[in-house]
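Asks: One structure follows; several queries about it will come next.
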Amino acid sequence: MKETQTIQNEVEDTKTTERIPGSEAVVRCLLEEGVEVLYGYPGGAIMPVYDELFKYQDKIHHVLSRHEQGAAHAAQGYARISDKVGVAIATSGPGATNLITGIADAQIDSTPMVCITGQVGSHLLGSDAFQETDIVGISTPVTKWNHQITKASEIPEVFAKAFYIAKSGRPGPVLIDITKDAQFEEFDFKYEKCKGVRSYKPVPSTEENSLKTAAELINNAKKPLIVWGQGVILGKAEEEFKAVIEKAGIPSAWTILGASAIPTSHPLNVGMVGMHGNYAPNVLTNECDVLIAIGMRFDDRVTGNLATYAKQAKIVHFEIDPAEVDKNVKTDVAVLGDAKASLKDLLPLLNANSHNEWHQKFKDLYKIEYDKVIKNDLHPTKEGLTMGEVLKEINIQTKGEAAIVSDVGQHQMIACRYAEFNKTKSNITSGGLGTMGFALPAAIGAKMAAPDREVVMIAGDGGYQMNIQELGTIFQQKVPVKIVVLNNEFLGMVRQWQQLFFDKRYASTEMVNPDFVAIAKGYHIDAKKVSERKDLKAAIKEMIDCNDPYFLEVRVEKEDNVFPMIPTGASVSDIRLE
Amino acid sequence: MENEKKQYTVSIYTENNIGLLNRISAIFQRRHMNVESLNTSPSEIAGVSRFTLVVNITESQMKKVIGQIEKQVEVIKAYYHTEDEIIYQESCLFKIKSELLFDERQIQNIIKESNARIVTVNKDFFAIEKSGRKEEIDLLYRELNAFGIMQFTRSGRVAVTKEEMRISTMLEAFQH
Ligand SMILES: Cc1ncc(C[n+]2csc(CCOP(=O)(O)OP(=O)(O)O)c2C)c(N)n1
């Protein structure tokens, strides 16, 4: 291996150079990439860069998180609601390893993120020096790309490549590790944006034939069903997608990360698929004749038992990542490429259709789900508050315009099922990794990226406490996020499983909680607690009307369950309503 | 058929960068697949490395793994081949006590018949090199083992395909 590595960037124009230290180059690279905010935590191995951030603070805003995991999730939240790359920065060793959960989360949820970590001096590499960890080795399986810089002169090319890779094609997290000596070293700085990397083809080319075959299958289908995923949102294909489903009249269901690509109220939107998805799209997955997957990856939480998943259907898969095709479900036609372009080209090949009878089946099953589940969640008659009615009230008072950032657990499923999404990029949640502790920091990033939007975080009492320290970041930065904790004094989702599958043995799922309101107030955040239905509406109004950050604790029924539910390993059509 | 395990030889063309070995091996490790043999070397294209691996998996697993390998940013192209699609060799070295060379006439015959080559001889030991298919090397090993082997080592497989691999033309398209 060569000592200096080849970074095969394809670049555009040539600029003149300027002699600066590596640390300054890092900040200049970020500015060149249009970075306005970054989330991080300082430490020895990254101090030269922090010193530059201090000098450049009028151009680039550093947000001091309270834990590097918080920084990573904030960067994710920032990226998920905007079209930008989220940036997180940390020192070597523990600082770097604390980023890993956020990086893994971004990898599985295809979130564009660049993480920068300091590293011990290059002469110390591999010597178990103070705060040395092999972060490149540790992060390899959970990054789209990573790289260690040991010479200042590598900085511009590596950063240009990092941003290009993070945001192009199927996006993902990239990690750059920089040794301390490379931060001090002076060199001739010159920045050129990366336009391509020889070995990397972000978007596969679409075979025209595949589009034609797909269109034919769709046109001939009697009972077509679309399941769309985040690919529609990442590909900015919302308009094209809407045009396609409206012309072909196809009932369309979403995966958790696909939520909000079209409004909840759209007549062709038939709800969520998967473990806690809606009854109709899950059951009818095993009845449709053509299943059209768009920008989704047949995750096991979506498919349930693969052996019984949509066996009767022809499968059409629109996908940007060739490795996803046939990975879980064998397709009949794969349309590779970017969703926006593919759907645009598909539209003229489609026949106008309405599939009224087929739609009626969705309506019939919805009625069953409504009577058995939805009615009780949204209009409960029993005394205890339900999570669903809290969501309903938030919908009403935000007019469905809010971005909902949810944590992981029962409240997450309830939030995704019942939140009304009128705008795209409104459902920010940890889908693939299911990371508790995600929501609070992610809400910070989301609100900072979209200050004009109402950002409402929904967490359980468990996950909230996994990154509760980020209240400090909210207070210091004055980020007006609305924090809602649905407190059931349990690790609710695990308790539900214990109830259903472990004979109600509630092993270590009951939580004795602190005074959450006092904690929020300790961070100088306005706070309130609600335990009765009659107070809910006014409390949510007070929260939404508040121009500052606000904390609302809602005491909900302790042992409510989330239904429908497909037990692990069961078929999507065996979905249980109770 | 898709679910029957077979021996596949995988050729991966990559940029010559640090860390790729880690990325590629992680793909197999994560899926609990054992890599039977591994070789990395320069390829016919300047600046492009080639990995050659041998694995025992099913064809559907193989296809998915190739997809995951090609997905790595610095992987240019990955192929898999069945046994009859390639010409391959392995190489090995034996170290044997010198006295055996003179005391056991049979050893000289074995060397000659197996097309092995004596690399070096000194008063304590001599070294033999042999390239060939796995079975040939196995056979030589068994024959020499009867007399006693001081050291033995064998390389990973190297392979070329019988059919043309269009990687060079593909790469030319990248250079502008
Ligand atoms: C970091 C992490 N640890 C453990 C889990 C497993 N887990 C999934 S849901 C859940 C319970 C969540 O409880 P809570 O945050 O109170 O939300 P609720 O389900 O009650 O709404 C747990 C422990 C996880 N998803 N993430």
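The values are calculated or read from the model by the stated rules, or taken from the named source; none is laboratory data. Computed from a predicted model, the values in this text were never measured in an experiment. Don't worry about glycine lacking a Cβ; one is built from the backbone with ideal geometry, like all the others, and counts go over all protein chains shown. Areas reflect the complete protein model, heavy atoms only, side chains present, ligands, DNA and RNA absent. Shrake-Rupley method; radii C 1.70, N 1.55, O 1.52, S 1.80 Å.
Asks: Quick check on my filter: what residues within the range A:146-174 are within 19 Å of the chain's Cα centre (by Cα) and within 11 Å of chain B (Cβ to nearest Cβ)?
Replies: To start, the set of residues in the range A:146-174 that are within 19 Å of the chain's Cα centre (by Cα) comprises A:163, A:165-174.
Hits for the range A:146-174 are A:I165, A:A166, A:S168, A:G169, A:R170, A:G172, A:V174.
Asks: Output the residues belonging to the range A:212-244 that are assigned to a loop (DSSP other than H, G, I, E, B) and among the small types (G, A, S). Steps first, please.
Replies: Within the range A:212-244, the first condition is being assigned to a loop (DSSP other than H, G, I, E, B), and the residues that meet it are A:221-223, A:229, A:235-237.
If the condition is that a residue be assigned to a loop (DSSP other than H, G, I, E, B) and among the small types (G, A, S), then A:A221, A:G229, A:G235, A:A237 are the ones that fit.
Asks: Inside the range B:38-58, can you point out the residues that are within 15 Å of the chain's Cα centre (by Cα) and either more than 22 Å from B:Y88 (Cβ to Cβ) or within 14 Å of another protein chain (Cβ to nearest Cβ) (or both)?
Replies: Hits for the range B:38-58 are B:T40, B:S41, B:P42, B:S43, B:S49, B:R50, B:F51.
Asks: Here's something else I'd like to know. Which residue, of B:V73, B:V35, is within 11 Å of chain A (Cβ to nearest Cβ) and under 23 Å from A:N146 (Cβ atoms)?
Replies: B:V73
Asks: Testing A:L124 on (1) open to solvent by less than 40 Å² (accessible area, probe 1.4 Å); (2) more than 14 Å from chain B (Cβ to nearest Cβ); (3) at pLDDT 95 or above, one condition comes back false. Which one is that?
Replies: (1) is the only condition that A:L124 fails.
Asks: Can you confirm whether A:P141 is more than 18 Å from A:V11 (Cα to Cα) and touching a Leu at 6+ places or on another chain (Cβ under 7 Å)?
Replies: No; evaluated as a whole, the condition is false for this residue.
Asks: I would also like to ask the following. Only one of these is polar (S, T, N, Q) and either within 16 Å of the ligand (Cβ to nearest atom) or crowded, with 24+ Cβ neighbours inside 10 Å (or both): A:T386, A:T398. Name it.
Replies: A:T386
Asks: When the residues of the range A:418-435 are filtered to those that are touching a Phe, Trp or Tyr at 6+ places or on another chain (Cβ under 9 Å) and within 14 Å of the ligand (Cβ to nearest atom), which remaining residue is nearest to the other protein chains (Cβ to nearest Cβ)?
Replies: The selected residue is A:S430.
Asks: Next question, about the same structure. Go through the range A:299-318 residue by residue and tally those that are open to solvent by less than 10 Å² (accessible area, probe 1.4 Å) and either within 13 Å of chain B (Cβ to nearest Cβ) or part of a strand (DSSP E or B) (or both).
Replies: Result for the range A:299-318: 4.
Asks: Just checking, does the range B:104-118 include any residue being open to solvent by 30 Å² or more (accessible area, probe 1.4 Å) and within 11 Å of chain A (Cβ to nearest Cβ)?
Replies: No: zero hits.
Asks: Report whether or not A:N209 is without any contact (Cβ under 8 Å) to a residue 24 or more places away in the chain, under 22 Å from A:A313 (Cα atoms), more than 14 Å from chain B (Cβ to nearest Cβ) and not in a loop (DSSP other than H, G, I, E, B).
Replies: On the way: without any contact (Cβ under 8 Å) to a residue 24 or more places away in the chain: yes; under 22 Å from A:A313 (Cα atoms): yes; more than 14 Å from chain B (Cβ to nearest Cβ): yes; not in a loop (DSSP other than H, G, I, E, B): yes.
So A:N209 fits the description; yes.
Asks: Still on this model: Regarding the range A:274-293, can at least one residue be identified that is within 16 Å of the ligand (Cβ to nearest atom) and at positive phi?
Replies: Yes, the conditions are met somewhere in the range A:274-293.
Asks: Also, quick follow-up: Answer yes if at least one residue in the range A:224-241 is free of Cβ contacts under 8 Å to residues at least 60 places away in the same chain and either open to solvent by 10 Å² or more (accessible area, probe 1.4 Å) or within 14 Å of chain B (Cβ to nearest Cβ) (or both), and no otherwise. If you could, list the steps in order and put the result at the bottom.
Replies: Filtering the range A:224-241 for residues free of Cβ contacts under 8 Å to residues at least 60 places away in the same chain gives A:239.
Next, only the ones that are either open to solvent by 10 Å² or more (accessible area, probe 1.4 Å) or within 14 Å of chain B (Cβ to nearest Cβ) (or both) stay: A:239.
Looking through the range A:224-241, at least one residue is free of Cβ contacts under 8 Å to residues at least 60 places away in the same chain and either open to solvent by 10 Å² or more (accessible area, probe 1.4 Å) or within 14 Å of chain B (Cβ to nearest Cβ) (or both).
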